[in-house]
Each structure stands twice: as structure tokens, then as C-alpha cells.
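Report on one structure; see the data block that follows.
The values are calculated or read from the model by the stated rules, or taken from the named source; none is laboratory data. Because the structure is predicted, anything quoted here is derived from the model rather than measured. With ideal geometry, Cβ positions are generated from the backbone for all residues, glycine too; neighbour counts draw on all protein chains shown.
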Amino acid sequence: MSTNLGPLLPQPLVELLSGADLQSKVGMAAVLVTPGADGYPHPAIITPGEIVASDASTLRVALYQESSASRNLRERKVGTLCLALDNAAYYVKFDAEPFASDAEAFKGLAVFTLRPRHVLKDAEEGAEVTSGFRFRDLRGEEALIAQWTPMVGALRRTFTGG
């Protein structure tokens, strides 16, 4: 059964999505669910190299400009981020708004500010969520970190203005 934790990310999620220590997050993924024009939920896999939390109330995500997820966020402005951490599943229901930036790292991408409205934790006594979505980049970890680093740096800078 899910427990509503309120509108703020718990500290372990803030730390996971902080953009720090990317090496330890290689292989981890989350599912971003947006409402499609057809009324059905649209899932999209995102990685720690595409989303950053500045604090418990604000995240930024960079998605392909013309993706279904970007289109859905522009048009319907809500979604849910689903991920596993610390033997539980988390569902972060959020409001979204486009974030304008001309940073080179965002070329061809749409950036959105996500503001959590309800954070649900799904955990059962006697049962553990042992993993969420996982992936392996066939180019190797070095190539993945090289791809993530400028994106995460640019996302982090959107919060500091630097």
C-alpha cells in the first residue's frame, strides 16, 4: 500500500537525483509517465543523466525536444516519475512547466521544471522492492559518463544561474 509523503521529495531521493556521483548511478533508470493525447499513460525511460533535483521541491529534466514525453508535458503539464530506492517504490506526481535555456548541452532537447505535488512511497512489511528499471549502455561506462556529465552540469547550473 502506498503512503503519501506529501509534496516534498524525501532526502534519499534528493540525493539520488542530485547529479552528484554519476559513476555510482550507471545502469539505474526511472520511468517518467505522462498523459498522452489518446488518454493513455505514456511511459518513457529516463536516467540520472537527464534529471536533477536542486532540493526537495524542484527538479529539472531534459528530454528529446520532439519526444512524446516532451509533447505531453508541454500540452498537459503533469506526470509521474516512478523509481525504486531503498527497498521501496516511489511515485512522484508532479506539475511541469517548460524551462527556457540556450545552453549548448540542451541543443535538441526540451527542459522542464518539475514540482512535486504528491510523493508516494510503496513499501510492504515482509517484502522488498529489489530493483527498478536497469540498463546497460553498450558503448561502455566511460562513454555514458561523458554523455551525462555536460547535461547534468548544465541542469545543475539552471538552479544557480551560473
Number of the exception - V119 against (1) over 17 Å from D55 (Cα atoms); (2) at pLDDT 95 or above: (1)
Condition met for T3 (of a type in the set (V, I, T) and within 30 Å of E141 (Cβ to Cβ)): no
Considering residues of segment 25-37 that are under 15 Å from A84 (Cα atoms) and of a type in the set (G, A, S) only, the residue surrounded by the most Cβ atoms within 10 Å (Cβ to Cβ): A30
Tally, over segment 61-89, of residues that are in contact with an Asp or Glu (Cβ under 8 Å, 6 or more places away or on another chain) and of a type outside the set (G, A, S): 5
Qualifying residue in segment 1-19 (condition: surrounded by fewer than 17 Cβ atoms within 10 Å (Cβ to Cβ), modelled with pLDDT under 95 and under 30 Å from A127 (Cα atoms)): yes
Residue count for segment 7-54, restricted to those that are touching a Ser or Thr at 6+ places or on another chain (Cβ under 9 Å), within 22 Å of G108 (Cα to Cα), among the aliphatic types (A, V, I, L, M) and outside any loop (DSSP other than H, G, I, E, B): 7
Elements of type strands (runs of 3 or more DSSP E) in segment 55-162, at least 2 residues being free of Cβ contacts under 8 Å to residues at least 60 places away in the same chain, surrounded by 13 or more Cβ atoms within 10 Å (Cβ to Cβ) and of a type in the set (V, I, T): 78-85, 109-122
Options V129, V78, V92: the member that is closer than 16 Å to S54 by Cα and of a type in the set (A, V, I, L, M): V92
Test: P41 is of a type outside the set (S, T, Y) and in contact with a helix residue (DSSP H, G or I) (Cβ under 7 Å, 6 or more places away or on another chain): no
